[in-house]
Amino acid sequence: GINRLILALLTINLAKATLISSHVFSNHKGGCGKTTNIFHTCAEYALRHPDEKVLVIDTTLRGDLSELLLGGDRGASGKQSLRAVSALRSTTRLFMQALSVCTANEASVKSGSTLDELIKKLFPKERGMNGVSSLFDMEEQVVEVHHFNPAIPKNIYLCPGGSGPQTSFPSQQRKNVAKTMRKVLEESPYNWKVMCDTDGDQGFSDYTKIAHALCDCCIIPLKTNVNDFSNRCVPMLEELYQLRLAGEVRSKVQMLVWNEVDVFKNAPCEISGLMTPPKAAQGVINMLNSLVAEVATNYPDLFYNAAPIDRAQMVDFIAATTMCMRSFGVTGLAAAEHGIPFCALQAGKLEGGRMRYEVSGDTLRQDVSNVAELADRLNDPPWGA
């Protein structure tokens, strides 16, 4: 029996894979574009990386991203699909599964058998040093979105949010959940890319803290409003900094996305390689960029890119740490109603529930290019490291 088991293990395909990168879209300000940005970005990224499995984890209470991915607003198709799958798949179930596996592994380590120890030594990658991979299959916890919404690339997998009241996880449990999920993804035979959506509360919920503990990088969408930056974004950065100091989270701020920017003309300028905002908007964005550089200087080790030490470095730091995302207008409304990301949307007339949309080809191309910029920059190496 034991000899046959060991022989079977020796025939395992030693496929090597990795966790490519992991990003949490986060801000204490609601309605700043987190869900819209991650919806279009995850689809664009998946199209550009067909060899990767893109795991989208919706940690929000309402599950708006889940509804978009599962069919959008039209005829409440996304809501109906979410209601149908949430009893079987949800972020809460995923977190509870990860926690139970971690607890079981800790118990197994204390009373491990001789065979268990032998397998761990012989097959550390396939078995997992704590047996995680053999007990927890990520694909069994998620939804293959394209079965519900053919406009979504086939390599996107969703762990839905919006399934009901959220469970409370104390600090150590949050860390155990995130640690177990990372281990499962790192020891999977597939290449995974993770994106998490979060709630815009005035403080991090337990689910948002788990997302920050799981992900390496943080993307902060924010409208070009100095008050929102000072009153919502800065407190969020302070809370994230304290959580990092306490060892509770791992994410660093990779990028701030100035969202819903008006476009004067589709030509590059000093703050964007794709668009030129009106002069007034450029002035506000330049002010915000200066504030970002100041925060990076005051909070060491909070940002993915190295903090600037002089004026010349500040220009490079800002270029690596911020970007502009245009206002999507009618095209964005059409995409949301039908649950179709820009990369799959077609120019022309599109019937909505209450209105007919006219999707301009030129506008759609500009939207796709803007989203593609964000998708491409997710895997940028850190500047100044």
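Considering the conditions (1) out of contact with any Pro (no Cβ under 8 Å at 6 or more places or on another chain); (2) open to solvent by 30 Å² or more (accessible area, probe 1.4 Å), LEU288 is excluded by exactly one of them, (2).
Within the stretch 308-334, the residues that satisfy the criterion of being crowded, with 21+ Cβ neighbours inside 10 Å and in contact with a strand residue (DSSP E or B) (Cβ under 7 Å, 6 or more places away or on another chain) are THR321, MET323, CYS324, MET325, ARG326, THR331, ALA334. For the stretch 239-259, filtered to residues that are of a type in the set (A, V, I, L, M, F, W, C) and outside any helix (DSSP H, G or I), the residue that is most open to solvent (accessible area, probe 1.4 Å) is ALA246.
At least 2 residues being in contact with a helix residue (DSSP H, G or I) (Cβ under 6 Å, 6 or more places away or on another chain) and hydrophobic (A, V, I, L, M, F, W, C) is the threshold, and among the helices (runs of 4 or more DSSP H) wholly inside the stretch 280-382 those reaching it are 311-321, 361-377.
Residue count for the stretch 153-182 satisfying the condition of being under 16 Å from the mean Cα position of the chain (by Cα) and of a type in the set (Val, Ile, Thr): 1.
Pairs are defined by a Cβ separation below 8 Å, a sequence spacing of at least 6 or placement on different chains, a first member in the stretch 249-269 that is closer than 25 Å to GLU238 by Cα and of a type in the set (Gly, Ala, Ser), and a second member that is open to solvent by less than 90 Å² (accessible area, probe 1.4 Å) and assigned to a strand (DSSP E or B); the pairs so defined are SER251/VAL24; SER251/CYS217; SER251/CYS218.
Scanning the stretch 217-238 for residues that are under 27 Å from SER171 (Cβ atoms), open to solvent by 50 Å² or more (accessible area, probe 1.4 Å) and out of contact with any His (no Cβ under 7 Å at 6 or more places or on another chain) yields ASN231, GLU238. In the stretch 55-77, the residues that are within 24 Å of LEU185 (Cα to Cα) reach residues that are assigned to a loop (DSSP other than H, G, I, E, B) and open to solvent by 40 Å² or more (accessible area, probe 1.4 Å) with C-beta atoms within less than 6 angstrom, at least six apart or across chains, in these pairs: LEU70/PHE148.
ALA213 meets all of the listed conditions (1) farther than 17 Å from ALA319 by Cα; (2) touching a residue at least 40 places away in the same chain (Cβ under 8 Å); (3) in a helix (DSSP H, G or I) but one, namely (2). When THR180 is tested against (1) open to solvent by 30 Å² or more (accessible area, probe 1.4 Å); (2) touching a residue at least 12 places away in the same chain (Cβ under 8 Å), just one condition goes unmet, and that condition is (1). Just so you know, in the stretch 118-162 the residues that are hydrophobic (A, V, I, L, M, F, W, C), open to solvent by less than 70 Å² (accessible area, probe 1.4 Å) and assigned to a loop (DSSP other than H, G, I, E, B) include one that is modelled with the lowest pLDDT, and it is PHE123.
When the residues of the stretch 335-385 are filtered to those that are among the charged types (D, E, K, R) and open to solvent by less than 30 Å² (accessible area, probe 1.4 Å), the one that is nearest to MET275 (Cα to Cα) is ASP367. VAL263 meets each of the listed conditions (1) open to solvent by 40 Å² or more (accessible area, probe 1.4 Å); (2) assigned to a helix (DSSP H, G or I); (3) touching a strand residue (DSSP E or B) at 6+ places or on another chain (Cβ under 6 Å) apart from (2). Of everything listed in (1) in contact with a helix residue (DSSP H, G or I) (Cβ under 7 Å, 6 or more places away or on another chain); (2) of a type in the set (Val, Ile, Thr); (3) over 13 Å from THR224 (Cβ atoms), the single unmet condition for VAL257 is (3).
The values are calculated or read from the model by the stated rules, or taken from the named source; none is laboratory data. Quantities reported herein were computed from a predicted structural model and do not represent experimental measurements. Here the Cβ is made from the backbone with ideal geometry for all residues, glycine too, and neighbour counts use every protein chain on show. Remember, those area values only see protein heavy atoms, side chains included, never the ligands or the DNA or RNA. Shrake-Rupley method; radii C 1.70, N 1.55, O 1.52, S 1.80 Å.
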